[in-house]
Structure formats: structure tokens, C-alpha cells
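To start, the structure under review is shown below, and the notes come after it.
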Amino acid sequence: MLGVFGGTFDPIHFGHLRTGLEVVEALALEELRFIPCGLPPHRAAPLASAEQRLQMLRLAVAGEPRFAIDQQELERAGPSYSVDTLEALRAELGGQHPVCLLMGLDALQGITGWHQWQRLIELAHLAVVHRPGWPAEVPADAAAVLTPELCTEAARLRERPAGGVCFLPVTQLDISASRIRSLLAAGRSVRYLVPDAVEGYLREAGPYQRPAPGAGR
């Protein structure tokens, strides 16, 4: 079974990586693909360039053979819609290979605002990650489509290629990319928030550092 983990990864950090690892283990995924977003349809464009985000991802996933990177959204023109990404994966894998789309509980609450959201469940399972102990439920405006597909046993997702909705409690570290960018802009350390290799790249490449006053004049 293939897992799909999309996001801007601006930058990638331990919160992403720990969640990804726990999902790989909970669902016994053969592979988890990190898919960096090219042009987010519902948020501001990333601050780091596509190549910078891609390089940080390469550094972050090195050494974990079950992690991989898929560049398709960076190479595709226009907004990065998940439905287009899943359609491309279906063309690659065929119709019978189980695929799981990872999303957070907050993303699920706004799923009806996603482009062609009803088709997501036709193309993949939805693996919804949340903090242990938090109430996990389908939002009312999506209940008619998603509630009948709820799956309480994650292992059963492997029995069909798509169509299931599974809630997965994971260790969600209180780390945000925006906080990391703010720290870097202020000249502060982000050690222990990102892998060492990524921290070194951030210091050298400086995609989030504020220019010194008067720079570029």
C-alpha cells in the first residue's frame, strides 16, 4: 500500500517526519511519498523556492528507505490539486493498488472546500491523523459521503484500492513551519526542530533570513 503525504514543506521538520513514520508503521505502508506542493490553492505561495524545498526534503528523508519524494506537483502548471495528483498516481499504479492520502484533522474539517473533493475517496483511502485523545469525527457537511466509509481497523484498508476513511492517533509534535521561519528570520537557532542536515542547509542557503537593513540598495 502506498501513502501520499502532501504539503508545502516550507520547511520540512520533525513534526512531518514523525507523523509520516508512525503512519508508515500503523498502515504497514510499502512507501510513503512526500509530495511538495507547487502552487497551493488555499494559502499563500511558499517562501522557499521549489528547488530549496526539494533539497531540504532530500536531506530530511535520506536514510529512511520507506520514505520517497514525488516531484509531480512542482512540475505541473497551475494550482496543485490533490485530485490531479491522485489521478496521476492511479495512471502510474493502476486501479487496484491501495493508496492512502494522509491529511490532518483540520484539513478534514475543511475538505468540502477542496477541488472535486468527492472524487478523493474514489481514488484513495483517507488516513486522517490526529492527536491521541482528541475527538475524531467527519464534518457534518461531508458526512453523507464519508461516514459510510469509516474503517475502524486500519489493516482493512489493504483489502481494496480506495474508499475507506481511517482515523489514526499519532504523536503530533508542536512544531510549525511558520515558527521555524520566524526563528530563522530573527537569527535564532532551529536545532532540534529540523534534522541536522536540514538545519545546516538553512544556515548556508538562508531562504528565510531577513536581509540586513539597507541590503540591495
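The values are calculated or read from the model by the stated rules, or taken from the named source; none is laboratory data. The model shown is predicted, which means the values in this text are computed figures rather than measured ones. Glycine gets a Cβ as well: all are built from the backbone with ideal geometry, and neighbour counts include every protein chain shown. Accessible surface areas use protein heavy atoms only, side chains included; no ligands, DNA or RNA. Shrake-Rupley method; radii C 1.70, N 1.55, O 1.52, S 1.80 Å.
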Which of the residues spanning the stretch 44-95 are of a type in the set (Lys, Arg), more than 14 Å from the chain's Cα centre (by Cα) and either within 27 Å of residue 117 (Cα to Cα) or not in a helix (DSSP H, G or I) (or both)? 66, 76, 90
Give the residues of the stretch 39-81 that are touching a Gly at 6+ places or on another chain (Cβ under 6 Å) and hydroxyl-bearing (Ser, Thr, Tyr), sorted by residue number. 80
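For the stretch 69-102, give me the residue count where each residue is of a type in the set (A, V, I, L, M, F, W, C) and within 26 Å of residue 170 (Cα to Cα). Write out each step before concluding.
Kept after step one, since they are of a type in the set (A, V, I, L, M, F, W, C), are these residues of the stretch 69-102: 69, 74, 77, 83, 86, 88-89, 91, 93, 99-102.
Within this subset, residues satisfying the condition of being within 26 Å of residue 170 (Cα to Cα) are 69, 83, 86, 89, 99-102.
Here the count works out to 8.
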Extreme residue, modelled with the lowest pLDDT, among residues of the stretch 196-217 that are surrounded by 14 or more Cβ atoms within 10 Å (Cβ to Cβ) and assigned to a loop (DSSP other than H, G, I, E, B): 209
When only residues in the stretch 39-75 that are charged (D, E, K, R) and at pLDDT 95 or above count, which is nearest to residue 12 (Cα to Cα)? 53
Could you list, in sequence order, the residues of the stretch 85-106 that are closer than 18 Å to residue 41 by Cα and surrounded by 18 or more Cβ atoms within 10 Å (Cβ to Cβ)? 85, 86, 101, 102, 103
Residues of the stretch 129-138 classified as surrounded by fewer than 21 Cβ atoms within 10 Å (Cβ to Cβ) and either under 17 Å from residue 7 (Cα atoms) or in contact (Cβ under 8 Å) with a residue 40 or more places away in the chain (or both), total: 2
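Inside the stretch 1-47, can you point out the residues that are among the small types (Gly, Ala, Ser) and surrounded by fewer than 23 Cβ atoms within 10 Å (Cβ to Cβ)? Break it down stepwise before answering.
Step one: list which residues in the stretch 1-47 are among the small types (Gly, Ala, Ser), which gives 3, 6-7, 15, 20, 26, 28, 38, 44-45.
Across the stretch 1-47, the qualifying residues are 6, 7, 15, 26, 28, 38, 44, 45.
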So residue 189, is it open to solvent by 30 Å² or more (accessible area, probe 1.4 Å), without any contact (Cβ under 8 Å) to a residue 24 or more places away in the chain and outside any loop (DSSP other than H, G, I, E, B): no
Looking at the stretch 141-160, is at least one residue assigned to a loop (DSSP other than H, G, I, E, B) and surrounded by 19 or more Cβ atoms within 10 Å (Cβ to Cβ)? no
Which numbered condition residue 123 misses (of (1) within 27 Å of residue 14 (Cβ to Cβ); (2) of a type in the set (A, V, I, L, M); (3) surrounded by 12 or more Cβ atoms within 10 Å (Cβ to Cβ)): (1)
